[in-house]
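One structure below.
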């Protein structure tokens, strides 16, 4: 079957008649009539019938409409695929959790720009809940976030990117004074220094404190993980962060880890994912980004 005939058929349906379809396609009306006749012969069914002076879709024609749309959409995707592969260009809008952006993404972004120098990345550092909501609205192509946010329904698909442990940290001098976070029902006179309320690991630790009935003096709310770490290293309080964000600080003894009663935590780790809307076509550029995330974030087998 000649795809040109299907595209002409779709144009006739969209324009509401042979004359307007001919104008749009820059064909003569006789060409439109010939192509539709050929299509009817190939399908063995009349697609149009004459009502008065107008040609309207027959029952078979109405049934063909969604099939033609599906076939032509697939052809368009293939053409876009070929263009993307050949040119390796385009725009990607990606939402990322701050910890992943700061500590996990640099090698991904570096290799992506090496392999797709003509592509443009639009990166937004937002909360996991905001990433989920914007993926559902279609305003992001991809999102890298922690899936521990209470679910996201059936409209998103996610690709696992690793499981990451959490750690309670403080300055070594603070740990010497307040190393016990396992005894229940106590008050500790230092603040909790952490990200905004929707932060996943903040919520996990606050549930831990509630279950253990441990009270801290107050909460200092900041939007920068490096700033949080600097204040904690300066002895101002405690923080609860993905371990990968503090590995170097622990190794240099700038920070110290405080033991927790992990048995009461609903989760002692975070599951990172790359998410996208289930109806989103995965272009070659998107696939490249996903593959690089898998390469750099997932542990070696």
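This table checks each residue for (1) in a loop (DSSP other than H, G, I, E, B); (2) closer than 30 Å to residue 292 by Cβ; (3) in contact with a strand residue (DSSP E or B) (Cβ under 6 Å, 6 or more places away or on another chain); (4) at pLDDT 90 or above.
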position	(1), (2), (3), (4)
154	yes, yes, no, no
159	no, yes, yes, yes
164	no, yes, yes, yes
167	no, yes, yes, yes
190	yes, no, no, yes
193	no, no, yes, yes
202	no, yes, yes, yes
Inset, instruction - Among the residues of the range 227-256, count how many are surrounded by 15 or more Cβ atoms within 10 Å (Cβ to Cβ) and touching a strand residue (DSSP E or B) at 6+ places or on another chain (Cβ under 8 Å). - result: 17
Inset, instruction - With the condition kept exactly as written, say whether any residue in the range 230-238 is closer than 30 Å to residue 93 by Cβ and in a helix (DSSP H, G or I). - result: no
Inset, instruction - Specify which of the listed residues (291, 198) is part of a helix (DSSP H, G or I) and either under 21 Å from the mean Cα position of the chain (by Cα) or exposed (fewer than 15 other Cβ atoms within 10 Å of the Cβ) (or both). - result: 291
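The values are calculated or read from the model by the stated rules, or taken from the named source; none is laboratory data. Everything quoted here is computed from the prediction, not taken from an experiment. When we count neighbours, we look across all protein chains shown, and the Cβ atoms used for this are built from the backbone with ideal geometry, even at glycine.
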